[in-house]
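Notes to accompany the following structure.
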Amino acid sequence: MSIQSAFSEICKDAKIANNVYVSLYRVDPFYGGPEEGGWWGNDVSLVASQEFVSEQLAEEAKEKIEKLAEKLSDDAKREYGEVCNRQIEWCEARGIDDPSTVFGEVDGESKFYVQVEHEQGDGESRGCRHYE
């Protein structure tokens, strides 16, 4: 008797795990350095993930979560703009022409996206921290 059939005898409604995940990711840009006029990279982090029993269910959930990702990206863009405006206003009030001399180079707003994957967290990555 196989393990699956033994398990199914006990759990009559058991389903075979397909390991299909819907994952929400955040992309955080960073300023790498001044070389060649400045360069930037991205870190991609897993925010949340849910396992589904089928690709179809995962795709259906993805469509709904994409709306959340869009809202989160819009909110992050707005918040980033507000921070930049406050820094500029602060510098202007003090006669400082270049906010980067006080606050450093700006990294950019975060963005969010959704992915259906078979390995949870497969989309995570850390950007290179040295100029190549």
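The values are calculated or read from the model by the stated rules, or taken from the named source; none is laboratory data. Computed from a prediction, not measured in an experiment: that's the story for all the values here. Counting neighbours? That spans all protein chains shown, and the Cβs are built from the backbone with ideal geometry, glycine included.
Out of curiosity, is TYR113 under 15 Å from ASP43 (Cα atoms), out of contact with any Cys (no Cβ under 9 Å at 6 or more places or on another chain) and outside any loop (DSSP other than H, G, I, E, B)?
So TYR113 passes the test.
Run down GLY33, GLY41, GLY37 and say which single residue is under 27 Å from CYS128 (Cα atoms), among the small types (Gly, Ala, Ser) and free of Cβ contacts under 8 Å to residues at least 60 places away in the same chain.
GLY37
Just give me the residues in the stretch 67-78 being surrounded by 15 or more Cβ atoms within 10 Å (Cβ to Cβ) and either of a type in the set (Val, Ile, Thr) or over 17 Å from ASP28 (Cα atoms) (or both), in sequence order.
Residues satisfying the conditions do not exist here.
Could you say whether any residue in the stretch 51-72 is within 30 Å of GLN4 (Cα to Cα), touching a strand residue (DSSP E or B) at 6+ places or on another chain (Cβ under 8 Å) and of a type in the set (Lys, Arg)?
Among the residues of the stretch 51-72, at least one is within 30 Å of GLN4 (Cα to Cα), touching a strand residue (DSSP E or B) at 6+ places or on another chain (Cβ under 8 Å) and of a type in the set (Lys, Arg), which makes the answer yes.
Considering every residue within the stretch 72-84, establish whether at least one is hydrophobic (A, V, I, L, M, F, W, C) and touching a residue at least 40 places away in the same chain (Cβ under 8 Å).
Scanning the stretch 72-84, I find at least one residue that is hydrophobic (A, V, I, L, M, F, W, C) and touching a residue at least 40 places away in the same chain (Cβ under 8 Å), so the answer is yes.
Quick check on my filter: what residues within the stretch 79-120 are within 30 Å of GLU63 (Cα to Cα), at pLDDT below 90 and surrounded by 14 or more Cβ atoms within 10 Å (Cβ to Cβ)?
Within the stretch 79-120, ASP107, GLY108, GLN120 qualify.
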